[in-house]
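The values are calculated or read from the model by the stated rules, or taken from the named source; none is laboratory data. This one's a predicted model, so the numbers in the text were calculated from it and none came from an experiment. Methodologically, a virtual Cβ is constructed for each residue, glycine included, from the backbone with ideal geometry; neighbour enumeration extends over all protein chains shown. Please note that ligands, DNA and RNA were not included when accessible areas were found on the heavy atoms of the full protein model with its side chains. Shrake-Rupley method; radii C 1.70, N 1.55, O 1.52, S 1.80 Å.
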Amino acid sequence: MITNIYDFGIIGGDMRQVYMAQILAEQGYRVCVYGLCKDISLDKKTDGIKGEPVLCEKSLTNAVQKSGIIIAPVPMTKNKIDLNNQTGKDDLRLNVLMESLKEGQYFFAGCIPESFQVMAADKGVVCCDFMKNEELATYNSIATAEGSIAEAIQKSPLNLHKSHCLVLGYGKCGKTLAAYLKGMFCKVTVCARRPNVRSEASVLADEVIDFDEIQDNLKQYSFIFNTIPNMIMDRSLLKSVKKQAIIIDIASAPGGVDFTAAKELGIPAWLCPGLPGKYAPESSARAMTDVLMQVMQQHVKKE
């Protein structure tokens, strides 16, 4: 068995993984990377790293087998075949990753498929899902809300200020997004299915509606934000959306909007995944690193 040369092996992902590599190296850990969206120089001075240099491995297998703790993307995969990445490298696949993992390792990622967790456990690998951590999920909602607002501002010719906004869903992301929109003096409507959730939303929102009320209200909204990972905005509902409106879908892929119908109807609609990695990668990376350290400390205490 190959011995651990590195404390951390960081693979795939977006700029969050790049910043995590730098943060951990600055803290004095031995870090290797593979398949990141940005090359990290081997020269410490180039990246301003005061601790250990970040080393680039030549393959996924090398990076995984030589590391004690593996950090993969958030979300880990979009198609249950490839690791989420921006490089197109042929070996960034879940089956290659699974074959490379070894007993005693810790594996961190976001939205880890259940089947992968079962196979990893059979190999003696401990899986830790970032997105099942309540603290990080809440922080992630902040970065997601800020990113979705940034997308809306870029894509619409209208001000958000005093605009009519519809937020579909009132989970963590919906709550944070609604609060941000209210802080920008928007007129916010929240649509939620459960009565107790609508009751909670009524404290903040200007209006709260059930899903059977959407169609009669859609023409008033200039901005529609979907947070629900189920088909919500189908063709029948999209026909009621006013032409000047835009739709920002921040739900997990494939989202909750019929994008084909939206295009045919001339309604601007975008699925916007990975907003924390796009708009706040360093802050998100620091939050992920904090969670990583907390989890590892807990495991050390148990041992």
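A few points about this structure:
- Low-density loop positions, chymotrypsin sites (Phe, Trp or Tyr not before Pro), the range 83-137 - DSSP coil, at most 12 other Cβ in 10 Å: none
- Calculated FRET value between Glu200 and Ala121, using beta carbons and R₀ = 35 Å, to 0.05: 0.45
- Its DSSP H runs of at least 4 residues, each contributing -39,500 (n - 2.57), put the calculated 222 nm mean residue ellipticity of the chain at -11500 deg cm²/dmol, to the nearest 500.
- Rounded Å value of the spacing that divides the Cα centres of the range 229-251 and the range 141-219: 14
- DSSP bridge orientation in the range 38-154 - percent antiparallel, rounded to nearest 5: 10
- Lys, Arg +1 and Asp, Glu -1 on Cβ, resulting dipole of the chain about Cα centre, debye, nearest 20: 460
- Of the cross-linked pairs Lys78/Lys187; Lys78/Lys123; Lys78/Lys102; Lys155/Lys239, those separated by over 27 Å at the C-alpha level are Lys78/Lys187.
- Cα shape, the range 136-272, gyration tensor, a/c 1.5 rule: rounded
- Among Val31, Val118, Val167, the residue with the largest mean-square fluctuation in a Gaussian network model of the chain, with springs joining Cα atoms closer than 10 Å, is Val118.
- With every protein chain in place and a 1.4 angstrom probe, the accessible-area ranking of Ile142, Ile71, Ile228, largest first, reads Ile142, Ile228, Ile71.
- Accessible area (Å², 1.4 Å probe, nearest 10) - Tyr139: 80
- Loop-resident sites, the range 89-136, for GluC sites (Glu not before Pro), counting at most 10 other Cβ within 10 Å (DSSP): Glu103
- Cβ-placed point charges (K, R +1; D, E -1), dipole of the range 136-272 about Cα centre in debye, nearest 20: 200
- Accessible area in the full protein assembly, largest first, 1.4 Å probe, for Met296, Met184, Met288, Met231: Met231, Met184, Met296, Met288
- Within the accessible surface of the chain, defined with a 1.4 Å probe on protein heavy atoms only, the carbon and sulfur portion equals 50 percent.
- Protein-only accessible surface order, largest first, of Lys132, Lys102, Lys182 at 1.4 Å: Lys132, Lys182, Lys102
- In the chain, the longest principal axis of the Cα atoms and the axis of helix 281-302 are about 60 degrees apart.
- The residues of the range 136-272 have, on average, 46 Å² of accessible surface per residue, using a 1.4 Å probe with all protein chains present.
- Rolled with a 1.4 Å probe across the full set of protein chains, the surface gives Met131 an accessible area near 60 Å².
- Whole-number Å³ per residue for the convex hull built on Cα positions in the chain: 150
- Residue with peak Gaussian network fluctuation, the chain [Cα springs, cutoff 10 Å], from Ile209, Ile70, Ile248: Ile209
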